[in-house]
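Working notes, beginning with the structure itself.
The values are calculated or read from the model by the stated rules, or taken from the named source; none is laboratory data. Bear in mind that the values here come from a model prediction, so they are computed numbers and not experimental data. Don't worry about glycine lacking a Cβ; one is built from the backbone with ideal geometry, like all the others, and counts go over all protein chains shown. Please note that ligands, DNA and RNA were not included when accessible areas were found on the heavy atoms of the full protein model with its side chains. Shrake-Rupley method; radii C 1.70, N 1.55, O 1.52, S 1.80 Å.
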Amino acid sequence: MRVLAAMSGGVDSAVAAARAVDAGHDVVGVHLALSRAGGTLRAGSRGCCTIEDAMDARRAADRLGIPFYVWDFSERFRDDVIEDFVSEYRAGRTPNPCMRCNEKIKFAALLERAVELGFDAVCTGHYALLVDSGEGRELHRASDAAKDQSYVLGVLTAEQLAHTYFPLGPTPSKAIVRAEAAERGLTVAQKPDSHDICFIPDGDTRGWLAERVGAETGEIVDRDGAVVGRHEGAHAFTVGQRRGLQLGVPAPDGKPRFVLEVRPVDNRVVVGPKEALATAEISGQRFSWAGRAPGARSFECEVQIRAHADPVRARADVTDAGVVVVPEVPFDGVAPGQTAVIYDGTRVLGQFTIDRTVSAVPVGV
């Protein structure tokens, strides 16, 4: 195949590109410039897509003997990922920028350009398995459960999966990838994995949002609407949060309160007991299937609501208005804006953005 290897500058994408070369494919490396701040430097394991990462990607491509290019996707990244992140928080939701980046940048903008240029597939360093069945290509969990990234790939469609290549999917552990990188003489062999939000490399999400959303004071209320404190910006709170609430009125039972809901319309934050974080139902209108759609409109499945959360057995119902999921055991602390990924065993069936949640504990209980 003609393969375009997306090289982030990390060890995973470098080894993925190397394995594509070993497999006999015609490989070209590309690094995506996602920020206009060209002088930005990586701080340890915080952030990615910096000038340092671009240099690391180029050195890896040179070592592999493949052509290498840098493509400027910063405008698309700003519009589809950063602005989406800000607007979601402004609306009181909790977005996942990695999901949007995979959906809008790596497997939309990049893949579209790759196909236009005659490439057969885009290769990345994601840990997930692709299985070609008699009914089309399927997306499955990686062999290494600790590194599995199928959750953040749940946004991929059947067309995108047909042009995707994940060489690291069958690898039993990340240690093997690092050892392989060292044997190949790749300088990124021991480079730390990136974490946190790449466009907020200092990790101060609250401060970053305050500059863009604004900090307007408002009320913190309990489930009955009684005012128990004040806040300096609802955007700074997330569902499930316990610390930093600075409540002036203690709970009647003396137990800690948690954020249950963020209401941007009236600029209120709702708090309550930990038990009220239990979620009995979630639903969403924006959904997609990763490959063929389920054969029934109501089916048993497993649902994962965070990248590293345990999957929960559930029933999913597909309606004209979207997807409704009822778990066997309540989810814990679900916020609108999160992504729910639906599985059948190891296979990813699809995903939806959570618009509505129903607490398992009625108000007044």
Residue match in segment 107-117 (condition: among the aromatic types (F, W, Y) and under 20 Å from F287 (Cα atoms)): yes
Any chance V262 is on the phi < 0 side of the Ramachandran plot, surrounded by 13 or more Cβ atoms within 10 Å (Cβ to Cβ) and within 22 Å of the chain's Cα centre (by Cα): yes
Residue pairs meeting the criteria (Cβ under 7 Å; at least 6 apart or on separate chains; first more than 28 Å from R356 (Cα to Cα), in segment 248-268; second open to solvent by less than 30 Å² (accessible area, probe 1.4 Å) and part of a strand (DSSP E or B)): G248/V228; G248/G229; V249/V228; V249/G229
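Here is a yes/no grid of residues against (1) in a loop (DSSP other than H, G, I, E, B); (2) touching a residue at least 40 places away in the same chain (Cβ under 8 Å); (3) open to solvent by 70 Å² or more (accessible area, probe 1.4 Å); (4) more than 27 Å from R206 (Cβ to Cβ):
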position: Y69; (1), (2), (3), (4): no, yes, yes, yes
position: F77; (1), (2), (3), (4): no, yes, no, no
position: A109; (1), (2), (3), (4): no, no, no, yes
position: A145; (1), (2), (3), (4): yes, no, yes, yes
position: E159; (1), (2), (3), (4): no, no, yes, yes
Segment 121-142 - residue that is out of contact with any helix residue (DSSP H, G or I) (no Cβ under 9 Å at 6 or more places or on another chain), small (G, A, S) and within 15 Å of V348 (Cβ to Cβ) and, of those, least open to solvent (accessible area, probe 1.4 Å): A142
Subset of segment 201-214 that is in contact (Cβ under 8 Å) with a residue 60 or more places away in the chain and in contact with a helix residue (DSSP H, G or I) (Cβ under 6 Å, 6 or more places away or on another chain) - its residue that is least open to solvent (accessible area, probe 1.4 Å): L209
Candidates V334, V363, V348 - the one that is among the hydrophobic types (A, V, I, L, M, F, W, C), open to solvent by less than 10 Å² (accessible area, probe 1.4 Å) and either in the same structural domain as V239 (by the TED database) or in a loop (DSSP other than H, G, I, E, B) (or both): V334
Residues located in segment 92-102, provided they are out of contact with any strand residue (DSSP E or B) (no Cβ under 9 Å at 6 or more places or on another chain) and either open to solvent by 40 Å² or more (accessible area, probe 1.4 Å) or farther than 30 Å from A215 by Cβ (or both): C98, N102
Filter result for I220 (open to solvent by less than 30 Å² (accessible area, probe 1.4 Å) and in contact with a Pro (Cβ under 9 Å, 6 or more places away or on another chain)): no
